[in-house]
1. In segment B:437-468, what residues are in contact with a strand residue (DSSP E or B) (Cβ under 6 Å, 6 or more places away or on another chain), surrounded by fewer than 18 Cβ atoms within 10 Å (Cβ to Cβ) and in a loop (DSSP other than H, G, I, E, B)?
2. How many of the residues in segment A:148-179 are more than 18 Å from residue A:125 (Cα to Cα), more than 14 Å from the chain's Cα centre (by Cα), crowded, with 20+ Cβ neighbours inside 10 Å and within 7 Å of another protein chain (Cβ to nearest Cβ)?
3. Go through segment B:280-319 and count every residue that is part of a loop (DSSP other than H, G, I, E, B) and buried (at least 22 other Cβ atoms within 10 Å of the Cβ).
4. From (1) over 14 Å from residue B:294 (Cα atoms); (2) at the interface with another protein chain (Cβ under 10 Å from one of its Cβ atoms), pick out the condition that doesn't hold for residue B:375.
5. Within segment A:115-127, restricting attention to residues that are part of a loop (DSSP other than H, G, I, E, B) and in contact with a helix residue (DSSP H, G or I) (Cβ under 9 Å, 6 or more places away or on another chain), which residue is surrounded by the most Cβ atoms within 10 Å (Cβ to Cβ)?
6. Has segment B:251-272 got at least one residue that is on the phi > 0 side of the Ramachandran plot, within 26 Å of the chain's Cα centre (by Cα) and more than 9 Å from every other protein chain (Cβ to nearest Cβ)?
């Protein structure tokens, strides 16, 4: 009997001793660039937040957003990793996992403009890769663009259309001028 | 030598076949004598006070200070002679006495069970009076708790937590790379620098944990500024029968269950080959605070070890292998993207509902840590004549750590660290000088390689937290000890050198940079103990220690996600140098015991992380910038222990730890220093005819840390972007008190099977609290009530 226990000990030791690290990819995915596209009829305006060397190092370059007052724009947002060559477009990954992501636009002051979502995930919650921005009267302030990552907690989906769950994958303030 | 070996072989055969030796004495020449020397087979040191007895003649003597004995006035004939002393296995020998007989005895250390008391006789490692030991009994009482929680029972030792499952020991306010852990004789080498990296040690294997409070670089090498923790399994001794020990625990909080099994024995086909096999595992799920559960706070562990010891003549050879595996979930609500998330989390009195589920789960989701630590040890020691001894220990360690984050896409992205360390220690114990001065000379060498990207000298990425590096360490030391009946002195010197090459790619470049860091330093120590009277002992230690800057302090450059800080290292940091003084007073009487340690540790060029007042803008928002810098620090403190036996079997003890840690340059307190605390235990040992053996009521009081830095460490930035409270995001939490109760009973079953059962309730009052040194205090309260049932079975 005792011998059997011993054999069991030894065997179990060998079985568990192989470290399985195949499934892990030691790769840091990085958003370096946020691209905003505002379309009104034939007019297309693009603004970027760019930090190609990632956190720290060179300071990011941020475009100032200039839009016309009391005008409706169709807005699309894309996320890129430009630290790699060629640059990688992470927008597809966000849209593939749209039920875990939420883009939020916040104008400050809020009179600068109103954002409405025009896309939905599988659960009917907004995603924010596409939407409309209706500007108000002339003024200036900031436009905050956040990409909230809201992955399931203990296998349970947490995205509810609100900002609270999860954490920021991106959080950027653009200066905005409404003329 | 050969003869001695032959005699011990003869004794072995006698004992192992269990020859009944009943010998009749014949009365002829009655002027005969037996004499000899008694030694510790392991260390070769003389054993004094051993009882040498010839029962049939009712004659007995004790061995003297040199281990010598002599029994006179014996008649010629055959006798059975025995030698015994507590802590060693008894030896017997049948002798044929004809005028005189010389019997040299080498005793083997043993564990002796006296009821439930476990006494292990051992050689003294050091006389440093800051040394405190945790016995197997206490370790068993705490089975299932983390290594850090177990050693917290010593006054002056506290912990640094990241949630409940990641617990790091703190000695006299110092932690991480400022304390060393010696696991089974090998310096534990992993990624100690991180606050969220707990020591990869299986407490189930430990039979004794010793903590040396205070600087101890001379014997253990650089980095031992705060102290040393020695973790030892039981010695491998000869066993007639296989000894099996099974430990089990179940906890209501997190429904954590664990099991450990140890089997040890001796092979009888090969003489003097002793072995041990041990496995342990545990699994726990979501932890509960008094008011809510915490999502993703489970833990899984699986560990095993194999050990063998083979003694041939004067050679002791040991082989040991252990593997530690753990997977630790990181509380989902503590995963933050930026400072806005952190500020929102701090302002909530309770984490968001999605992070405090009603349903319990064992599931470990991202983010989590996945860790493996392997240790191989080969040790040989040779007992030479005149008490000399040479020991060579080789160690090989491999530490794998992956920190898996919740990131976008279907990829499990992770930071992976692989660190391997080879070490060789040679220790020579010289023969006593004038029979009074004992000492050792030692040589330590080690080679450590850390790999985070590409190959060692060809790193491919600049975005790693810790760059690739290789360090070569060399140390030589000498310690001497002088012992007289009422006074002991110990002193030593050591010279160390560390050569470290760091290979990294600069941001936005492809070129590999190599930076070299060379450090040399001398350390010295001296301890003196004076026994004033049998009840009262006084001791004084003075020691220097040092720590070269760690790679994280030199090279950090990035966001530390757990802490929401942008951390920047400084390649121009120099070694920390410490001068530690401590006075100990011990009073010991039957009714009352008192122990105290007063210490003052000056650390020049103390390295720490401080906010600059600037912010670093990243795509996830702005983070406060923290830089590593140096100052001259002073840590002063008092550890006080009082124990009073109120009446028979009822005793009360109190441990008090008080610490002041200051930046001497800026005249302000240092940050993240444990708050003052008091621990009181009321223990009642009941008579054996009652259904319980022991009831213990414990109370802990942890004060609020009011000593926080107010001034900025760096030149004051105009209009700082981040306003911090004493260098921190949140106020230090309020003081709190905890009550625990522990009940135990032991049973002796048939065939000498012993069963110890313990029942404990921790945080009896289900108090809501947050601890200053728990990194998760920003996000959630600490653990609530926990019912624990433990059994320990020995057969």
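The values are calculated or read from the model by the stated rules, or taken from the named source; none is laboratory data. Because the structure is predicted, anything quoted here is derived from the model rather than measured. Glycine also receives a Cβ, built like all others from the backbone with ideal geometry; neighbour counts cover every protein chain displayed.
1. Within segment B:437-468, B:456, B:457 qualify.
2. Of the residues in segment A:148-179, 1 are more than 18 Å from residue A:125 (Cα to Cα), more than 14 Å from the chain's Cα centre (by Cα), crowded, with 20+ Cβ neighbours inside 10 Å and within 7 Å of another protein chain (Cβ to nearest Cβ).
3. 9
4. Residue B:375 satisfies every listed condition except (2).
5. A:127
6. Checking segment B:251-272: at least one residue is on the phi > 0 side of the Ramachandran plot, within 26 Å of the chain's Cα centre (by Cα) and more than 9 Å from every other protein chain (Cβ to nearest Cβ).
Every residue, every condition in (1) more than 17 Å from residue B:216 (Cα to Cα); (2) within 14 Å of another protein chain (Cβ to nearest Cβ), yes or no:
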site	(1), (2)
B:519	yes, no
B:522	no, no
B:538	yes, no
B:577	no, no
B:613	yes, no
B:616	yes, yes
B:621	yes, yes
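Residue-wise test of (1) surrounded by fewer than 24 Cβ atoms within 10 Å (Cβ to Cβ); (2) assigned to a loop (DSSP other than H, G, I, E, B); (3) modelled with pLDDT of 95 or more; (4) within 14 Å of another protein chain (Cβ to nearest Cβ).
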residue	(1), (2), (3), (4)
B:132	yes, no, no, no
B:140	yes, no, no, no
B:153	yes, yes, no, no
B:190	yes, yes, no, no
B:198	no, yes, no, no
